[in-house]
C-alpha cells in the first residue's frame, strides 16, 4: 500500500462527508425546527508500515458527526396552531414507528380533530393523543396547557434531555429518536410560544462560506493526488526501464 495515497484518500473522504452535511444543512435552512449536522475532524495514526521503513507511522484524518441543538430564532406567525418552544424541551409525538421527539411546532388538526404534526403524526398529551373540542378556538398556554372556551382539557407533553447530542438520533422531517442512553425528563424551564415557530439554526451565509473553504481543501488534496500519481508513474517507468 502507498501510504501517501491512503492519507490523501482519508482527507478527501472527510471533505466529501463534510460537503454532504453542509449541502443538507443549506437545503434545510428554511425548515421549521431543523437542527444542523456538524462534522468534527480527528487526526489518526495507523500502525507501522514495516520493520525496515524509515517512516513508521501513517497519518490521516477521520470525521465524526453530531447534531447542533442550539436553539433557532423564534418567528411570529399569528397562526394559533403554530407553537415554538423557548428553551431546551421537545414535543413528544406518536408515529407509526413509535415515540419520537421534535421541535417543529407547525401543527394542524386531522379529520378526527386530533392535534398532529404537518406529517400527520399524533401530538402526545398527558394521557395520549390530543383531541381538540370543536366548540371554539384553541388556546395554548406557556406551560403547554390546552384550552377551548376558557376550559383546560389537556397539556402538551414536553420533555427534555440533559445531553440531547448523546440521547437523540436524528431522523428525517425534524424528528428525533431516543437512543436509550437517557430517559426523557419532565420539562422544567421551557415555555411554549403560541402563534410562533422556531426557525432552523442554520446561518446560510456562514454555511456557504464553510462549503467554499471545504471545496478548496478538497481541490488542494486532488492536486496533491495528481502530483503523487505523476511521481509514482515516473518511478514505475524508471524501474521498468531497468529490466
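Since every read-out is calculated from the coordinates, none of them should be taken as a lab result. Here the structure is a predicted model, which means the values were calculated and not measured. Counting neighbours? That spans all protein chains shown, and the Cβs are built from the backbone with ideal geometry, glycine included.
Would you calculate a helix-derived [θ] at 222 nm for the chain, using -39,500 (n - 2.57) for each DSSP H run of n ≥ 4 and dividing by the full residue count, to the nearest 500? Write down the numbers at each step before the final one.
On the way: 3 runs with 68 residues, N = 243.
Dividing the helical sum by the residues of the chain leaves -10000 deg cm²/dmol.
Once you place label points 7 Å from the Cα toward the Cβ at residue 109 and residue 137, how far apart are they in nm?
The answer from the label model is 1.3 nm.
From the alpha carbon gyration tensor of the chain, can you work out the equivalent ellipsoid semi-axes (sqrt of 5 times each eigenvalue) and give them in Å, largest to smallest?
52, 18, 14
Place a label point 7 angstrom from the Cα of residue 61 along the Cα-to-Cβ direction, then list the residues of region 1-30 whose backbone nitrogen is under 20 Å away.
3-25
Return the distance in nm (one decimal) between the two label points of a simple spin-label model at residue 185 and residue 74, each offset 7 Å from Cα along Cα→Cβ.
Simple spin-label model gives 2.1 nm for this pair.
May I ask for the angle, rounded to the nearest 10°, between helix 3-27 and the longest principal axis of the chain, with both axes built from Cα atoms and the value confined to 0 to 90°?
It is inclined by approximately 20 degrees.
Could you give the length gained on full extension between residue 170 and residue 9, defined as 0.36 nm per residue of separation minus the Cα-Cα distance, in nm?
Result: 55.2 nm gained on full extension.
Calculate, in nm to one decimal, what residue 31 and residue 119 gain on full extension: separation in residues at 0.36 nm each, minus their alpha carbon distance.
Here the answer is 30.3 nm.
Restricting to Cα pairs below 8 Å that are 6+ residues apart, what does the relative contact order work out to for region 74-198? Please round to a whole percent. Write out the running numbers ahead of the final one.
Values: 276 pairs, mean separation 44.8, N = 125.
Rounded, it is 36 percent for region 74-198.
Among 90, 34, what is the fewest-to-most ranking by other Cβ atoms within 10 Å?
The most exposed by this proxy come first: 34, 90.
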